[in-house]
Structures are given as C-alpha cells and as structure tokens.
Amino acid sequence: MISQVARYSIPVGATLIFQGTVFADSVNRPNPAAVYAEPARSNQSCTTNKPKECPEGTALERFVMTAREEIAPYRDVASGHAVEAAKQVTFYYDKLMDNVCYLRTNAPQEVRIGTIVVSGLTGMLLGIRGGFFKKIFMGSLGAGGGAYLAYPNETEKYSKKYTAIAYNFIAGTRK
C-alpha cells in the first residue's frame, strides 16, 4: 500500500512543484550552484549532436508510460489546485505584510508592547518541555522576534550592542 502511495505521490508532487522545465543556466538564477551546472563539453569528446536512440519496450519505458497515463487525468486537477493555493498564499502574505507595516508605522505603543509580550510567551510555550534555560532561551528568542517586528531599527542596534557585551562576558575579556 505504501509503495503505491509513494509511486504516485512523488511524480504528482513533482508536477505541482516544478510546472516547467528548470535548467541550470536559467535567467532567474544568475549564479547557479556548481552542482547543477552543466559540464563543459569539448569538441573532441562530442563529435555529433544527434540524440541517441532509446531502446523500445524496456521495463523502465513501460513503467514510465503507465505512470504517465494513470497520472495524466489528475495533473490538470492538481495544477488547478496549485494555482489556487498560490493565490491563497499570496493573499495571506499580503495581509501579513499589511499588518507588519501597520505595526511598524501606525500602531500605538500598547499594541507594540503587546506584540513583544505575546511573542515572548509564545517562545516560552515552545520551550515548555525543556529545562529552565531552554524556556528562558526560547522566550528571549520569541521576545526578540516580536521586538524586531515592532521596532526593527532599534532591535538591530541594541542586539549588536548586547551581543558584544554577552560575548565579552562569556570570553572574559575586559575593555
């Protein structure tokens, strides 16, 4: 049962994610990773540009053709769902960015402080199964994230300052 699910879910997932052919030297990726770059070809190693003939009727070819025939009716439905999901993600991302913009520009002081407190409490809840230091670390991380949402410039300035102080305290250096 699991092998059948994996047999169909991997190609369907790949068609949802990669709706077009992706090449290493794409216009969207100005500096592709070396792993995906096409190997350099010299004139001596490749004398002809004719494609190789594929043997007909192999087991792999039959498997691929069967999978394509069985998945083809679902591809249109899945691509329609993928387009709708992309629209929903874009819609909610725009709403989120509108709220962040409001929080940074027009929100009253009480709302900004509430955001920091709720973020810190959320961080503590995420670290609830750990020990005391994990709770403190996760709470500080959440409060820092909330502070960055409400006050991005001030958070960056003070985090650099206090990170240097903490490093000097741990390393034992004196100024």
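The values are calculated or read from the model by the stated rules, or taken from the named source; none is laboratory data. It should be emphasised that the depicted structure is a prediction, and the values quoted were computed from it without experimental measurement. Heads up, the Cβs are rebuilt from the backbone with ideal geometry, glycines too, and the neighbour counts pull from every protein chain shown. Quick note on the areas: whole protein, heavy atoms, side chains included, nothing else; ligands and nucleic acids left out. Shrake-Rupley method; radii C 1.70, N 1.55, O 1.52, S 1.80 Å.
Applying a threshold of 9 Å to beta carbon distances and a minimum spacing of six or more residues, or different chains, the list of pairs starting in the range 150-175 at a residue that is open to solvent by less than 100 Å² (accessible area, probe 1.4 Å) and ending at one that is modelled with pLDDT under 90 and of a type in the set (Val, Ile, Thr) is empty. Consider GLU70 carefully, then state whether it is of a type in the set (D, E, K, R), open to solvent by 70 Å² or more (accessible area, probe 1.4 Å) and touching a residue at least 24 places away in the same chain (Cβ under 8 Å). Criteria met by GLU70.
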